[in-house]
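Okay, structure first, notes after.
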Amino acid sequence: MSYLKDFPNKDGYFGEFGGAFLPPELEPHFAEIERAYLRLMRSADFLNELRYIRKHYQGRPTPVYYAHNLSEAVGAHIYFKREDLNHSGAHKLNHCMGEALLAKHMGKKKLIAETGAGQHGVALATAAAYFGMECEIHMGEIDIAKEAPNVTRMKLLGANVVPVDFGGRSLKEAVDSAFKSYLSQADEAIFAIGSVVGPHPFPKMVRNFQSVMGLEAREQYIEMTGELPDHVSACVGGGSNALGLFSGFIDDADVQLHGVEPLGKGTELGQHSATMTFGKPGMIHGFKCMLLSDEEGNPAPVHSIASGLDYPGVGPEHSYLKTSGRVNYHAVTDDETLEAFYTLSRKEGIIPALESAHAIAWAMKFGRENPGATILANLSGRGDKDIDYVTENFGHG
Ligand SMILES: *Cc1c(COP(=O)(O)O)cnc(C)c1O
């Protein structure tokens, strides 16, 4: 593994992207987090505890599964990494357990975060319950109304859900609110970022915690088939499930990597969230990345049928991997995503998260055009959270 060691550099840059643009009061706290992370990743106790949690609490390794019915229908060989079977139903717990274990070893008592659709909030509240820590989740009032089941889950898990009632009352304001709260209690709390975004060292830490997926999947795939897949695909919101899976294959030059973004309802600004396809370099939430912005350079409004993918920025590492050409980026529409959602449910008995259905929609399309190809797609989460929305708006397929 040489790429993972070389990127990012010590200041958190992947080429021109990344970095840490922080209010001065937060600089020492982020430096402390990085020092603790570097120390703990060399500590046998820390790594053993993480290994124990993954095996006995999360149920890892999650399987790699050959989707035989889907493969037959498409004419290519499609495999899934089954993160829907990770405890709490998605890949997010991989980095939340890592961040919470780090916080515990740093002597912190509290985990703070924002959440949009509530998925990160639920995963973090799960980790907080496991470690017996306090958990404070900031969430816009609009999202609280839209995502009632996740709000209930967070409360059941013991989290304090803080409603955010200013501005657009959604994800961006929730980030601002959580950061402000963190500033006032950074000695006893940690701000646990929910993807490979934010200021250094979070993009690196979250990727490394998520790389367990890719390391498992590479070994499992070889064991099943005796070789490596031709193609690996994953959806990209902030980009953590994609980088986790890609990490296992990034040094395998023959394996092509594909990030799949939401094209939503179309190519017009505001109708999609395809940052790689339509964005340009910019700055959001304390780091440099590709960004969808309006004429004044402010983050643009975005849309996706999958609320976990509607972020106008993207991880700095993805921004770099596009420039370097190592990863190909594609975009699929809401309609293509829905088709994949229904097809997978009917043909394989697996209801995928709408986010994950993007990676599968691309695999189906590519497979039809490339008969016989082998594709490993990331099934980043299960779709229980999406069934009411899908059936009320689009029927039963
Ligand atoms: C949050 C979420 C995503 C998007 O986040 P990334 O950081 O881009 O991986 C994808 N899939 C599921 C199931 C999610 O909950």
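Any read-out appearing in this document is the output of simple, stated calculations on the displayed coordinates, not a laboratory observation. This is a predicted model, so every value here is computed, not measured. For neighbour counting, all protein chains shown are included, and Cβ atoms are generated from backbone atoms with ideal geometry for every residue, glycine included.
Directionally averaged projected area (the chain, Cα convex hull): 17.7 nm². Using a simple spin-label model with pseudo-atoms 7 Å out from Cα toward Cβ, residue 294 and residue 109 lie 4.2 nm apart.
Each residue of segment 68-83 was assigned a 3J(HN,Hα) from its phi angle through the Karplus curve 6.51 cos²θ - 1.76 cosθ + 1.60 (θ = phi - 60°); the sequence is 5, 5, 5, 4, 5, 5, 8, x, 9, 9, 10, 10, 10, 8, 8, 6 Hz, with glycine and proline shown as x. In degrees from 0 to 90, rounded to the nearest 10, what is the angle of the helix 171-183 Cα long axis to the longest principal axis of the chain? Between helix and principal axis, roughly 30 degrees. Amide hydrogen proximity for residue 383: with H placed 1.01 Å from N in the peptide plane, the residues at 5 or more positions away or on another chain lying under 5 Å are 351, 353. With 28 Å as the limit, the listed pairs 109/204; 104/180; 81/347; 5/265 have 5/265 beyond it between alpha carbons.
Between helix 354-369 and the chain there is an angle of about 30 degrees, using the helix long axis and the longest principal axis of the Cα atoms. Counting neighbouring beta carbons within 10 Å and listing from fewest to most, the residues 387, 305 come out as 387, 305. Placing +1 on the Cβ of every Lys and Arg and -1 on the Cβ of every Asp and Glu, with no other charges, gives segment 98-235 a dipole of roughly 320 debye about its Cα centre.
Packing order of peptides 243-251, 69-77, highest average first: 243-251, 69-77 (average count of other Cβ atoms within 10 Å over each peptide's residues).
Loop-located chymotrypsin sites (Phe, Trp or Tyr not before Pro) in segment 17-56 (DSSP state other than H, G, I, E, B) with a sparse environment of at most 13 neighbouring Cβ atoms within 10 Å: 21. Under 5 Å between amide hydrogens, built in the peptide plane, is the criterion, and for residue 291 it picks out 280, 282 among residues at least 5 positions away or on other chains. Packing here is the average count of other Cβ atoms within 10 Å per residue, and on that basis the peptides 170-176, 193-199, highest first, run 193-199, 170-176. If both residues of a DSSP beta bridge must be in the chain, then about 30% of such bridges are antiparallel.
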